[in-house]
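Peer 1: Can you read through this structure? Questions will come right after.
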Amino acid sequence: MSYLSSIRNCFLSVLFLSYTHSILRQLSVMTNLEESLRRELLRTNRSGAYSASTLVDCNTRKYHGLLVVPVPELDDENHVLLSSLDCTVIQHGAEFNLGLHKYQGNNYSPKGHKYIREFDASVVPTTVYRVGGVILRKEVIFHHYEDRILIRYTLEDAHSATTLRFRPFLAFRSVRQFTHENMVASREYSTIDG
């Protein structure tokens with residue numbers, strides 16, 4: 001890559017982040033699907049892998065995913081390993097899923113975008129959710145030069161006992177294909193006391 005190309009790419013990244021920082025902190029943009037689904041965020045690790053989705057973490061394209069990596073042992077294409085990671089806030093037995101998925105016929109479920117109160121991509125993409133008295137911050141960091149994504153949830157405020165349940169959507173598919181639920185896959189899990 002030439003020096004001028006490098007400067008141009010850096011300028012475009014700064015321009016995008018400035019636009020994102022100034023416009024998308026508005027609550028009305030994040031909770032309005034017509035607006036938020038048109039805006040996407042792409043992060044790369046500088047070695048071929050990437051993470052891409054809409055600003056409300058709703059995958060609307062085949063190549064969207066939290067962790068998309070090349071697998072040269074299989075073929076020359078990128079593969080979606082982790083499609084998404086849903087977080088559910090549980091308080092007083094009530095469950096509030098913060099995820100958002102698009103299904104056939106432009107149906108969306110669950111509608112976790114309605115809990116978004118703030119989004120900021122100026123340094124680390126950060127989303128702040130509010131569910132009743134619970135304030136939860138999510139930060140997504142894509143590790144440079146490694147096929148690894150780090151997702152940190154910070155419970156900033158809660159007026160009573162709160163449990164977070166995570167549900168990973170594993171895909172392991174080519175970016176050119178869709179897949180359906182695998183009923184044969186092991187669904188075993190273990191609970192971690194915290």
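Peer 1: Just checking, does region 150-162 include any residue being touching a strand residue (DSSP E or B) at 6+ places or on another chain (Cβ under 8 Å), aromatic (Phe, Trp, Tyr) and in contact (Cβ under 8 Å) with a residue 40 or more places away in the chain?
Peer 2: yes
Peer 1: Among the residues of region 163-194, how many are closer than 24 Å to ASN45 by Cβ and without any contact (Cβ under 8 Å) to a residue 12 or more places away in the chain?
Peer 2: 1
Peer 1: If the requirement is being closer than 23 Å to PHE172 by Cβ and open to solvent by less than 50 Å² (accessible area, probe 1.4 Å), which of these qualifies: ASP86, ASP75?
Peer 2: Just a single option satisfies the conditions, and that option is ASP86.
Peer 1: From the residues in region 89-107 that are at pLDDT below 90 and part of a strand (DSSP E or B), which one is most open to solvent (accessible area, probe 1.4 Å)?
Peer 2: TYR103
Peer 1: I would also like to ask the following. Please work out which residue is least open to solvent (accessible area, probe 1.4 Å), limiting yourself to region 115-124 and to residues that are outside any strand (DSSP E or B) and touching a strand residue (DSSP E or B) at 6+ places or on another chain (Cβ under 9 Å).
Peer 2: Residue satisfying both the conditions and the ranking: ALA121.
The values are calculated or read from the model by the stated rules, or taken from the named source; none is laboratory data. What you see is a predicted model; the values in this text were computed from it and never measured. Neighbour counts run over all protein chains shown; Cβ positions are idealised from the backbone, glycine included. Please note that ligands, DNA and RNA were not included when accessible areas were found on the heavy atoms of the full protein model with its side chains. Shrake-Rupley method; radii C 1.70, N 1.55, O 1.52, S 1.80 Å.
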